[in-house]
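The values are calculated or read from the model by the stated rules, or taken from the named source; none is laboratory data. Here the structure is a predicted model, which is why all the values come from computation and not from measurement. Heads up, the Cβs are rebuilt from the backbone with ideal geometry, glycines too, and the neighbour counts pull from every protein chain shown. We work out accessible area using only protein heavy atoms, side chains counted, and drop any ligands, DNA or RNA first. Shrake-Rupley method; radii C 1.70, N 1.55, O 1.52, S 1.80 Å.
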Amino acid sequence: MRTAVSKTEFRDAMARVCAPVNVITTNGAAGRGGFTATAMCSVTDEPPTLLVCMNSRSAQTGLFVENRRFCVNVLTGEHKDLASSFAGQQADMDARYAAAEWIDLNSGNQALADAIVSFDCRLVEARLIGTHNIFIGEVAEIRTRKDGHALLYFDRNYVHVPTLAGSFGG
């Protein structure tokens, strides 16, 4: 019988899963914050809901929970530097935001002006599982653009796919 999967084995296997790169932002009474994440997916369309995962050791955890809202900004291939900045390469939050153009949303959150899509969400549940918080958000507003190609993360590297991948339907 096989022993339990090790942390290293799991992380190495997950590195082989291709995922879109997102900058997750928040703005509210607790302040403005943001981080880069690939762990984002839809939950349901009744009501439109998605989830995002954030490392529980992040100093920003309380900020996101207290603000009770977040915005998922799906990045393009032109956003590699921004993704790195929000992943922690740039510690200063004001400098992170200064590197791009942002649009104020009805909720008070800010959306990346040239994101492929931005999902503005109201935090409906935050749950700690292992090392990460799962933030479940009900989508309140969506901004999209018709051009651009997603920035992806695969094998611990950013990957820019220059061709239209198409839709999975649904």
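Test of understanding: among Leu105, Leu50, Leu75, which residue is in contact (Cβ under 8 Å) with a residue 60 or more places away in the chain and more than 22 Å from Tyr158 (Cα to Cα)?
Numbers: Leu105 fails: in contact (Cβ under 8 Å) with a residue 60 or more places away in the chain; Leu75 fails: more than 22 Å from Tyr158 (Cα to Cα).
Result of the check over Leu105, Leu50, Leu75: Leu50.
Quick one: would you say Thr61 is open to solvent by less than 40 Å² (accessible area, probe 1.4 Å), under 15 Å from Phe86 (Cα atoms), of a type in the set (Val, Ile, Thr) and modelled with pLDDT under 95?
Details: open to solvent by less than 40 Å² (accessible area, probe 1.4 Å): yes; under 15 Å from Phe86 (Cα atoms): yes; of a type in the set (Val, Ile, Thr): yes; modelled with pLDDT under 95: yes.
Judged against the criteria, Thr61 is a match.
Report, by residue number, each residue of the stretch 44-54 that is surrounded by 17 or more Cβ atoms within 10 Å (Cβ to Cβ) and not polar (S, T, N, Q). Write out each step before concluding.
Here is the first cut: in the stretch 44-54, the ones surrounded by 17 or more Cβ atoms within 10 Å (Cβ to Cβ) are 49-54.
Result: Leu50, Leu51, Val52, Cys53, Met54.
Any idea which of Gly108, Gly130 is under 14 Å from Asn27 (Cβ atoms) and at pLDDT below 95? Full working, then the answer.
Working: Gly130 fails: under 14 Å from Asn27 (Cβ atoms).
Matching residue, one of Gly108, Gly130: Gly108.
Among the residues of the stretch 9-50, write down those that are among the β-branched types (Val, Ile, Thr) and either in a strand (DSSP E or B) or modelled with pLDDT of 90 or more (or both).
Of the residues in the stretch 9-50, the ones among the β-branched types (Val, Ile, Thr) are 17, 21, 23-26, 36, 38, 43-44, 49.
Selection gives Val21, Val23, Ile24, Thr25, Thr26, Thr36, Thr38, Val43, Thr44, Thr49.
Return a yes/no flag: does the stretch 108-129 have any residue that is part of a loop (DSSP other than H, G, I, E, B), open to solvent by less than 60 Å² (accessible area, probe 1.4 Å) and of a type outside the set (A, V, I, L, M, F, W, C). Break it down into steps so the answer makes sense when it comes.
Pass one, the stretch 108-129, residues part of a loop (DSSP other than H, G, I, E, B): 108-109, 113-116.
With the extra rule that they be open to solvent by less than 60 Å² (accessible area, probe 1.4 Å), the set shrinks to 108-109, 113, 115-116.
Among the residues that remain, those that are also of a type outside the set (A, V, I, L, M, F, W, C) are: 108-109.
Within the stretch 108-129, one or more residues are part of a loop (DSSP other than H, G, I, E, B), open to solvent by less than 60 Å² (accessible area, probe 1.4 Å) and of a type outside the set (A, V, I, L, M, F, W, C).
In the stretch 144-158, how many are more than 20 Å from Leu112 (Cα to Cα) and part of a strand (DSSP E or B)? Don't jump to the end; show me each part of the working.
Within the stretch 144-158, the first condition is being more than 20 Å from Leu112 (Cα to Cα), and the residues that meet it are 154-157.
Going one step further and asking which of them are part of a strand (DSSP E or B), we end up with 154, 157.
Total satisfying the criteria: 2.
From (1) touching a helix residue (DSSP H, G or I) at 6+ places or on another chain (Cβ under 9 Å); (2) free of Cβ contacts under 8 Å to residues at least 60 places away in the same chain; (3) surrounded by fewer than 19 Cβ atoms within 10 Å (Cβ to Cβ), pick out the condition that doesn't hold for Phe35.
(3)
Checking Ile134 against (1) under 17 Å from Ala19 (Cβ atoms); (2) outside any helix (DSSP H, G or I); (3) in contact with a helix residue (DSSP H, G or I) (Cβ under 9 Å, 6 or more places away or on another chain), only one condition comes out false. Which one?
(3)
Among Tyr153, Tyr158, which is the only one that is touching a helix residue (DSSP H, G or I) at 6+ places or on another chain (Cβ under 7 Å), of a type outside the set (A, V, I, L, M) and open to solvent by 50 Å² or more (accessible area, probe 1.4 Å)?
Working: Tyr153 fails: touching a helix residue (DSSP H, G or I) at 6+ places or on another chain (Cβ under 7 Å).
The unique qualifying residue is Tyr158.
Taking only the stretch 31-64 into account, find how many residues are of a type in the set (A, V, I, L, M, F, W, C), touching a Phe, Trp or Tyr at 6+ places or on another chain (Cβ under 8 Å) and more than 17 Å from Gln90 (Cα to Cα). Explain how you work it out, then say what you get.
At the first step, the residues of the stretch 31-64 found to be of a type in the set (A, V, I, L, M, F, W, C) are 35, 37, 39-41, 43, 50-54, 59, 63-64.
When the remaining residues are screened for being touching a Phe, Trp or Tyr at 6+ places or on another chain (Cβ under 8 Å), the result is 35, 50-54, 64.
Retained after the next criterion (residues that are more than 17 Å from Gln90 (Cα to Cα)): 50-54, 64.
Residues flagged as of a type in the set (A, V, I, L, M, F, W, C), touching a Phe, Trp or Tyr at 6+ places or on another chain (Cβ under 8 Å) and more than 17 Å from Gln90 (Cα to Cα) within the stretch 31-64 amount to 6.
Scan the stretch 98-106 and give yes if some residue there is out of contact with any Leu (no Cβ under 9 Å at 6 or more places or on another chain), surrounded by fewer than 16 Cβ atoms within 10 Å (Cβ to Cβ), part of a helix (DSSP H, G or I) and of a type in the set (A, V, I, L, M), otherwise no.
Filtering the stretch 98-106 down to residues out of contact with any Leu (no Cβ under 9 Å at 6 or more places or on another chain) leaves 98, 104-106.
Among the residues that remain, those that are also surrounded by fewer than 16 Cβ atoms within 10 Å (Cβ to Cβ) are: 98, 104, 106.
Going one step further and asking which of them are part of a helix (DSSP H, G or I), we end up with 98.
Going one step further and asking which of them are of a type in the set (A, V, I, L, M), we end up with 98.
Yes - at least one qualifying residue is present in the stretch 98-106.
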